[in-house]
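**Q** Sharing a structure with you now.
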Amino acid sequence: MSTCIVMGSQWGDEGKGKVVDLLARGAQVVVRFQGGANAGHTIWHGTRKVVLHQLPSGVLTPGCLNLVGNGSVVDPERMLEELEELRAVGVEPTPDSLGLSSLAHVVTPIHKRVDGIAGGRIGTTGRGIGFAYADKARRVGIRLEAVLDGSLHDAFRQQLETHRPWLEEHDPGAVDELLRRIELFTRALDQLRPFVRDIRPELQGALQAGHNVLYEGAQGALLDLDHGTYPFVTSSSTAIGGALTGTGVWAAFDHRIAVVKAYTTRVGNGPFPTELHGPIGEDLRARGREYGATTGRPRRCGWLDLHLLRHATRASGYNGIALTKLDCLSGLPEISVATGRGTDGQPVYRTLPGWDEDILGAPSVDSLPANARAYVDFIAQQLGVPVTILSTGPDRDQTLVLEAPW
Ligand code: GDP
Ligand code: IMO
Ligand code: MG
């Protein structure tokens, strides 16, 4: 019985959804603690594909309690859409299987409107995330609990007043349009009411009872508000610290799993030292089908960067690696990895030999080509963290669990 946290270690899209869905099979609780509809976590079961944005990736596992903590921001309209998509695949979340923290802040249409214009510099997902967190910090945010105490209308109008000067300057007509959206927005929020509660006692109870509790990070270490590539970051704490402030319940994380993609991708703007601009980068994008699960944007691609992964390891104390998309590297004659930085600050590379064999869904580590095994071992040795999960395909069956958390 233990506690496990799964976190992105790069700039997101490492394959967290797949890993969490896999581990959820042995968990009683899965909890999200930061982020919101900016996340896109893909899960494949056979021919069935589900992309989750705000809901924890345990929702497809029968009997699993899924919680959304106070550190997340909830977009009610999109949440309803997500629940609808789940119903379409035969999953019907109930208050017994899903709880949304009453302390979580709400992403309002105002936030999305402002992000749609002002988020361009960073290349945000346009989901209103940064402005929802900013309003939380400047204390004009709306918590989900507003749906329980009837203060929603007033809170929305007050929030709009604080944005009015900016909107009138940059988006004439927006204020009136947003005022007209109040009804739609409050109705959406009202439909979430059955799921809204103080989730802390449940989480604490599960931890105290020794249940298997799985924390699901969104985004990745390099997008962390404090420790990422600021200002090209998201607006929440994606490293391990976010899991405590984002739930309000102390927990000792026995298993701290970094999801590491076998190469690197990034969506949106900002530094990317190992980015490949030419044909190799395009080849990686094609191999990995690197297009955003939330926005469909092409992802920038490049080699693995151990220098940045060491930084992420320091922030979150990883003690296991879930290495994903190793199959996407098959057929490359050689694979480069940044092992550090030179005196000029530029990445220093080590080039390893590639392998020709298709390793999609490999049945065992022993069946992998020697060069693929050497690549895996090199990463583990360089980071001083063992690879405990090896993913060689999008389906949950295409995974080698070398050391299970439970
Ligand atoms: P997340 O945001 O970290 O959950 O990752 P995304 O879902 O945004 O992106 C990961 C993509 O890679 C998804 O399309 C997954 O289905 C896919 N994927 C995950 N693991 C593997 C793997 O080991 N091999 C391959 N080929 N695809 C994978
Ligand atoms: P998952 O959980 C990849 C990026 C955006 C942008 C920056 C800020 O699927 O890994 P935001 O909308 O959060 O204000 O955008 O962060 N970003 C992600 N990139 N995967 C994600 O989530 C992301 N969530 C945000 O592209 O560069
Ligand atoms: Mg994603």
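**Q** 5 Å is the cut-off here: which amide hydrogens, built 1.01 Å from N in the peptide plane, fall below it relative to Tyr215, excluding neighbours closer than 5 in sequence?
**A** The answer is Cys4, Ile5, Val6, Val31.
**Q** Treat every Asp and Glu Cβ in the chain as -1 and every Lys and Arg Cβ as +1, leave all other atoms uncharged, and give the resulting dipole magnitude about the Cα centre to the nearest 20 debye. Before the final figure, lay out the partial values.
**A** Values: 40 positive and 46 negative charges, 85 e Å.
For this selection, approximately 420 debye.
**Q** Quick one: order Ile280, Ile199 by neighbouring beta-carbon count within 10 Å, fewest to most.
**A** On the way: Ile280 14, Ile199 26.
The order, fewest Cβ neighbours first, is Ile280, Ile199.
**Q** A further question on this structure: Mind checking which of Gln159, Ile142, Ala132 is farthest towards the positive end of region 117-164's charge dipole, using Cβ charges of +1 (Lys, Arg) and -1 (Asp, Glu) about the Cα centre?
**A** Ranked along the dipole, the leading option is Ala132.
**Q** Measuring from centroid to centroid over Cα atoms, what is the spacing of region 300-337 and region 217-285 in Å?
**A** If you average the Cα positions of each part, the centres end up 12 Å apart.
**Q** Using amide H atoms built in the peptide plane, which far-off residues or other-chain residues are under 5 Å from Thr264 H to H?
**A** Gly302, Trp303, Leu304
**Q** Looking at Leu83, Thr388, Ala252, which one has the Cα that reaches farthest to the positive end of the dipole of the chain (charges on Cβ: Lys, Arg +1; Asp, Glu -1)?
**A** Ala252
**Q** Output the 0 to 90 degree angle, nearest 10, between the alpha-carbon long axis of helix 109-118 and the longest principal axis computed from the alpha carbons of the chain.
**A** Approximately 50 degrees, to the nearest 10.
**Q** OK, next. Using only the alpha-carbon atoms, how far is helix 182-192 inclined from the longest principal axis of the chain? Give it as 0 to 90 degrees, nearest 10.
**A** 60
**Q** Still on this structure, I have one more. Given Cβ point charges of +1 (Lys, Arg) and -1 (Asp, Glu) and nothing else, what value in debye, to the nearest 20, does the dipole of region 1-89 about its Cα centre take? Working shown, then result.
**A** On the way: 8 positive and 9 negative charges, 67 e Å.
Here region 1-89 has a charge dipole of around 320 debye.
**Q** Sticking with this structure for a sec: Using a 10 Å cut-off around each Cβ, can you sort Trp355, Trp406 from fewest to most neighbouring Cβ atoms? The partial results should precede the final answer.
**A** On the way: Trp355 22, Trp406 16.
The fewest-first ordering by Cβ neighbours comes to Trp406, Trp355.
**Q** Short version: ³J(HN,Hα) in whole Hz for each residue of region 119-135, in order, from phi by Karplus 6.51 cos²θ - 1.76 cosθ + 1.60 (θ = phi - 60°), x for Gly and Pro, what are they?
**A** Here the 3J(HN,Hα) series is x, x, 4, 7, x, 5, 7, x, 8, x, 4, x, 7, 5, 5, 5, 5 Hz.
**Q** Using the Cα centre of region 80-145 as the reference point, and only Cβ charges (+1 on K/R, -1 on D/E), how large is the resulting charge dipole? Debye, rounded to the nearest 20.
**A** Details: 9 positive and 9 negative charges, 123 e Å.
Result for region 80-145 is approximately 600 debye, rounded to the nearest 20.
**Q** What aspartates and glutamates does Lys16 reach when the alpha-carbon gap must be under 20 Å and sequence neighbours fewer than 8 apart in one chain are set aside?
**A** The reachable aspartates and glutamates, counting only those whose Cα sits under 20 Å from Lys16, are Glu82, Glu85, Glu216, Asp224, Asp254, Glu290, Asp305, Asp327, Asp395, Asp397, Glu403.
**Q** Between Glu161 and Arg187, what's the calculated FRET efficiency when r is the beta-carbon distance and R0 is 22 Å? Round to 0.05. Can you show the working numbers first?
**A** Working: r = 22 Å, r/R0 = 1.00.
So, using R0 = 22 Å, E works out to roughly 0.50.
**Q** Hey, can you grab everything whose amide H is under 5 Å from the amide H of Tyr291? Only 5+ residues off in sequence or another chain; H modelled, so Pro and N-termini drop out.
**A** Arg299
**Q** Projected onto the charge dipole of the chain (+1 at Lys/Arg Cβ, -1 at Asp/Glu Cβ, origin at the Cα centre), which of Gly46, Ala374, Leu22 gives the Cα projection farthest towards the positive end?
**A** Ala374
**Q** Enumerate the lysines that Lys136 could reach by cross-link, defined here as Cα to Cα under 24 Å, with residues fewer than 8 away along the same chain left out.
**A** Cross-link targets: Lys112.
**Q** Please work out the FRET efficiency for the pair Asp226 and Glu275, using the Cβ-Cβ distance as r and a Förster radius of 30 Å; give the result to the nearest 0.05. Could the numbers behind the result be given before it?
**A** Numbers: r = 23 Å, r/R0 = 0.78.
With a Förster radius of 30 Å, E is 0.80.
**Q** A further question on this structure: Find how much the distance from Ala134 to Tyr349 grows on full extension, using 0.36 nm per residue of separation minus their present alpha carbon separation; answer in nm with one decimal. Walk me through the numbers before you get to the answer.
**A** Details: separation 215, 0.36 × 215 = 77.40 nm, distance 3.87 nm.
Full extension of this stretch gives 73.5 nm more.
**Q** Could you please report the charge total around Gln10, scoring K, R as +1 and D, E as -1 over all other residues with beta-carbon less than 13 angstrom from its beta-carbon? Provide the component values of the computation, followed by the final result.
**A** Values: positive: Lys16, Lys261, Arg266, Arg299, Arg300, Arg310, Lys325; negative: Asp13, Glu14, Asp224, Glu275, Glu290, Asp305.
Charge balance in the 13 Å sphere: +1.
**Q** Please list 3J(HN,Hα) in residue order for region 25-40, calculated via the Karplus relation 6.51 cos²θ - 1.76 cosθ + 1.60 where θ = phi - 60°; whole Hz, with x for glycine and proline.
**A** 4, x, 9, 8, 9, 10, 10, 9, 10, 7, x, x, 6, 6, 6, x
**Q** Give a residue-ordered list of calculated ³J(HN,Hα) values for region 101-106 (Karplus: 6.51 cos²θ - 1.76 cosθ + 1.60, θ = phi - 60°; whole Hz; x for Gly, Pro).
**A** Values, residue by residue: 4, 5, 8, 5, 7, 9 Hz.
**Q** Can you give the angle from 0 to 90° between the axis of helix 76-88 and the longest principal axis of the chain, with both taken from C-alpha atoms, to the nearest 10?
**A** Tilt relative to the chain: about 60 degrees.
**Q** Just want the ordering: His227, His41, from fewest to most Cβ atoms lying within 10 Å of their own Cβ. Don't skip to the answer; put the middle values down first.
**A** On the way: His227 19, His41 28.
With the fewest neighbours first, His227, His41 line up as His227, His41.
Each reported figure results from applying straightforward, stated rules to the coordinates on display, with no laboratory input. Remember, it's a predicted structure, so these values are computed and weren't measured experimentally. Using ideal geometry, Cβ is built from the backbone for each residue, glycine included, and neighbour counts are taken over all protein chains shown.
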